[in-house]
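First comes the structure, then the notes that go with it.
The values are calculated or read from the model by the stated rules, or taken from the named source; none is laboratory data. In this text, all values refer to a predicted model and were calculated from it rather than measured experimentally. Cβ placement follows ideal geometry from the backbone for every residue including glycine, while neighbour counts extend to all protein chains displayed. Ligands, DNA and RNA are stripped out before the accessible areas are found, and what is left, the full protein with its side chains, is counted by its heavy atoms. Shrake-Rupley method; radii C 1.70, N 1.55, O 1.52, S 1.80 Å.
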Amino acid sequence: MALIEIEDLHVAVAGKDVLKGLSLAIEAGTVHAIMGPNGTGKSTLSNVIAGREGYDIKRGRIVFAGRDLLAMPADERARAGIFLAFQYPVEIPGVSTSAFLKTAINAKRRAAGLSEIDAMEFLKLVKAKCKALGVADDMIKRPLNVGFSGGEKKRAEVLQMSLLEPRFAVLDETDSGLDIDALKVVSAGVNALRGPESAFLVITHYQRLLNYIVPDQVHILSGGRIVASGGRELAERLERDGYAQFQTAA
Amino acid sequence: MASVLSSSRSTAHPFGERYAGRMGPLPGASQPWVDGLRQAGRAALTSSGLPGPKVEAWRYTSLAELAKVAFIPAATADDVEVASVPSRVPRLDGFPRLVLVNGVLRRDLSDVAANAFAVPLRDALNGGDPAVRAVLGKIAPVSGSPISALNTSFLSEGLVVSAQSGAPVRLQIVTIGAAGAEPAAFHPRIVLTASDGADVTVAVHHVGLPGQSYLSNPVTEISIGRGATVRNFVDLAEDGDAFHLGLTAVNLAANGSYEDFRLALGGGLIRQDVTAIFSGDGGRVTLNGAYALAKTEHHELATTFFHDVPNCNSEQIVRGVAAGRSRAVFQGRIRVAPNAQKTDARQNHKALFLDAGPKIDCKPELEIFADDVQCAHGAATGEIDHDQLFYLLSRGIDPDTARALLVAGFLVDVVSRLSIDVVREAFAGAVSAWLKTRVVSGGVP
C-alpha cells in the first residue's frame, strides 16, 4: 500500500474549481515530481496536503499511512510526519529560530511519547545539522526567516525538514529564486533524507531541480488533473517541448 | 467637592478645596516661585477642570470614572508601611535603586550608591535650588497639559537627579503606590538634568501595593544638555484598580540624544504622555513601547514631538496586544516647524486583538510646515497573521502554543530594540510572565 494516496481530489478556492479529480499514489522510499504551468493547482495541492484553511474540498480523500489525512488539523498532520517546505517561508519577527525549532521538535517528541529534548542535546543536534547543510549556525539566533536571503530561507526549510525527519515531505517550488550553489546545497540536504521509510513530492516549474533531486516518477499537472505520468524522461521531454502538448490533453 | 461642573469639555473632579485642605504643609513656603507654580497649576485646573470627551486630545480616554472617586492625598510621612519592594520589580545589575513611596524618597528602602545622585524634591523646593528652578515647570508647563496641571497644583514630593559628564549614571527608580483604607492620590515630580556630555540611564518601575485604589500622577521633566544622552525606560505595572496619569517632558539641546521605552502591562486606567522638544540641531529621539492589556484595562500612550529646529531625528515603534474588554489607544503627534529642514520623523504603531472584545484606536497626527523633511507613519491593527500561524502549525506546533509564540514575538520584536542589555532582558522577562499568565494558561484564546 502506498504511503500516501490521493483519490479523485476536487478542490475549490474562493468559489473557483482548481483541482478537478486529482489522483496520485506515492510509495514509501520514492520521490515523485509534479510539474506544471502556473495556475494549474500545484500550490493548492501542497497546501491541501499540509492542511491550510481556506480550501473547499468538494470531493475525494487523502489517506496517509492508513489515516484519513483531511480529517486531521494541520499541526496533527505535521506531528504524524507530513512536512511542507514552503515556496515563500514566512517571516516571524521576535521569535528566534532556535526557540521555534525547539518547540517544533518537542511537539513531535511529545506526540511520540518521548520526553522533551535536553538543551545541550538540542544545540548539538542543530549544530550538526547546520554543518551538514552548510548553514552558518548563528542563523538559529536570528528571528525566524526575518531578513534571510532567498537562499537562506530555503536552507532553513531544509534544516527544519532534517530536524523533524518527516515521513512525507512536499517541496513547493523549493528551487524558485535559488542560484545554482544554493540549489545544490538544498538538493543535497533533501537527498540525505531519502530512505526506505520516507517519500517526497517535489513540485516544480522547471526541470533543473530534478537534475539534483532525481525523481522516480514525474507527473504533469494541467487543468487541475494529472494529465501524464512517466519516468525522468518525461521531465526532459517537457523541458524540450513545453507544456502546450499536455494542455490540450486536459 | 467638585470645583467645576461637568460638561463635555471638562469633568468635575475631586481635587478641589477639600482635597487641598487635607494636604499637609507644602514645601517651599519661603520661595514665592514655588507657590507661583502651584497657583498656576490650580488656576489651570479650576478654569479647565480635567478634560472631558470633547477635548480632542482626550477623546479616547474618559476621566469620568476617576472623577467619581473621592481621593484623599496619599500619606507622605516617611514611615508609610512598605515591608519590601514588590517582587514584580527585578533587580537590575549595575542599577542602584531608589524607592519612592507615594512620591516620597525612602532612603531606608533605597541603595546607598543611588542616594548620592538624588535629592528629595521637597528639600530642593525648601532650599530654593536655582538649578531646579531653571527647569521646573519650564519643560512640562501646566498650559495644555491637564496631567501637568494636576501634578503642579500639589507640587511637593519627588526627586531631583543631576548628572555631569564623566562616568555614566545608572539608576533604578521604583515608585510604589500605597493607599490606606481610602483611595489616595499622589503627584510625584522628577527633575532629571543631564549636563552637556552626560550619560544617564534610568529604569523606572511604577507599581502599587496589591488591592489598593490609588491615582499615580507622576510628571518627569528631563533636560538634556549638548551632546548628552538620556535613556528612560519605563515599566508600568500598576495594580489592577489603579489610575495612572503620567507625563514625561523632554527638552534636547544640540546633539542631545533621548531613548525612551514604555512597557505597560497592567493598571486600571492609564494615560501616559511623552513630549519632546528639539531645541538644538542634531537631536535624536527614539521612543519605543510595548503594551499588553486584558480584562477592562485601559491604556493610552500619547506622544508629541516638536521638531522646532533643523536636522533632528525621531523614531517611534509601538506594539501592543489586547484581550478581554480592554481598550488601547496610541496618539502620536509630530509637528515640524517651518525652519526645521532635514527633519526625519518616523512613527509606527501596530496592535493585535487577542479576541473579539477589545477596542484599539490609533491616531497619527503629522503637522509638517517644512518642505525638505522625511516623515512617515504607519498603523495597523488586526488579528494574529494567518500565514504566520499556519507556518507554525505546519511544523507540528499546537494552536495555543503557536499563538502564544506569535504574540510573544510580536512584543519581543520591539523590546529587542532596547539598547541596554540588562533592562532589555528584564522587560522581555516581564512580557513572558504576562503571556504565561494570560495566554498560555488559556486565559486568552
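Region B:214-247 and region B:288-352 have Cα centres lying 15 Å from one another. Of the residues A:Gly29, A:Gly41, A:Val218, the one whose Cα sits farthest toward the positive end of the charge dipole of region A:4-247, with +1 on the Cβ of Lys and Arg and -1 on the Cβ of Asp and Glu, is A:Gly29. For chain B, the relative contact order is 10 percent, taking Cα pairs closer than 8 Å that sit 6 or more residues apart in sequence and dividing their mean separation by the residue count.
A simple charge model with +1 on the Cβ of Lys and Arg, -1 on the Cβ of Asp and Glu and nothing else charged puts the dipole of chain B at about 520 debye relative to its Cα centre.
Taking amide H positions as modeled 1.01 Å from N, with prolines and chain starts lacking one, the residues under 5 Å from B:Arg97 and 5 or more places away or on another chain are B:Asp111, B:Ala114, B:Gln172. Residue by residue, region B:132-149 carries 3J(HN,Hα) couplings of 6, 4, 5, 10, 4, x, 8, 8, 10, x, 6, 5, x, 10, x, 5, 5, 4 Hz when phi is fed to the Karplus relation 6.51 cos²θ - 1.76 cosθ + 1.60 (θ = phi - 60°); x denotes Gly or Pro.
Helix content alone sets the calculated 222 nm mean residue ellipticity of chain B: runs of n ≥ 4 DSSP H residues at -39500 (n - 2.57) each, divided across all residues, give -6000 deg cm²/dmol.
Between B:Ser165 and B:Lys295, residue separation times 0.36 nm minus the direct Cα-Cα distance comes to 42.3 nm. Solvent exposure of B:Thr286, expressed as accessible area, is near 30 Å², computed with a probe of 1.4 Å over the protein chains only.
Put simply, the amide H of A:Val202, placed in the peptide plane, has neighbours under 5 Å in A:His32, A:Ala33, A:Ile34, A:Leu171, leaving out anything fewer than 5 places away on its chain. With a Förster radius of 60 Å applied to the C-beta separation of B:Asp35 and A:Ala119, the computed FRET efficiency comes to 0.45. For the protein assembly as shown, the share of DSSP beta bridges that are antiparallel, to the nearest 5, is 15%.
By definition, a body whose alpha carbon gyration tensor gives a ≥ b ≥ c is prolate when a/c is 1.5 or more and a/b is larger than b/c, and region B:359-424 fits this prolate description.
Specify which residue in the list A:Ser98, A:Ala169, A:Leu209 is farthest towards the positive end of the charge dipole of region A:90-231, using unit charges on the beta carbon of Lys, Arg (+1) and Asp, Glu (-1), about the Cα centre. Toward the positive end, the furthest listed residue is A:Ser98.
Structural descriptor for region A:4-247: relative contact order 28 percent, calculated from alpha carbon pairs under 8 angstrom and at least 6 residues apart.
Counting only residues at least eight positions apart within a chain, or on another chain, the aspartates and glutamates with an alpha carbon under 13 Å from that of A:Lys129 are A:Glu121, A:Asp137, A:Asp138, A:Glu157, A:Glu165.
Projecting the Cα atoms of B:Ala67, B:Val422, B:His187 onto the charge dipole of chain B, computed from C-beta unit charges around the Cα centre, puts B:Ala67 farthest toward the positive end. Here region B:154-231 is assigned +1 on the Cβ of each Lys and Arg and -1 on the Cβ of each Asp and Glu. Its dipole about the Cα centre then comes out at about 180 debye. For the protein assembly as shown, what log10 I(q)/I(0) values come out of the Debye formula at q = 0.05, 0.10 1/Å, with one point per alpha carbon and no solvent? Taking Cα atoms of the protein assembly as shown as identical point scatterers yields -0.32, -0.94. B:Arg231 contributes an accessible area of around 40 Å² to the protein surface, as traced by a 1.4 Å probe with all chains present.
Taking the 0 to 90 degree range and rounding to the nearest ten, how far is the long axis of helix A:150-164 tilted relative to the main principal axis of chain A, both from C-alpha atoms? Long axis of A:150-164 versus the principal axis of chain A: about 80 degrees.
Taking the Cα centre of the protein assembly as shown as reference, the dipole from Cβ charges on Lys and Arg (+1) and Asp and Glu (-1) amounts to some 440 debye. Candidate cross-link partners of B:Lys363 among the aspartates and glutamates, defined by an alpha-carbon separation under 18 Å and a same-chain spacing of 8 or more, comprise B:Glu56, B:Asp273, B:Glu300, B:Glu315.
One Cα centroid belongs to region A:29-68, the other to region B:70-127; the line between them spans 64 Å.
Given R0 = 35 Å, the distance between the Cβ atoms of A:Arg110 and A:Asn191 translates into a calculated FRET efficiency of 0.75.
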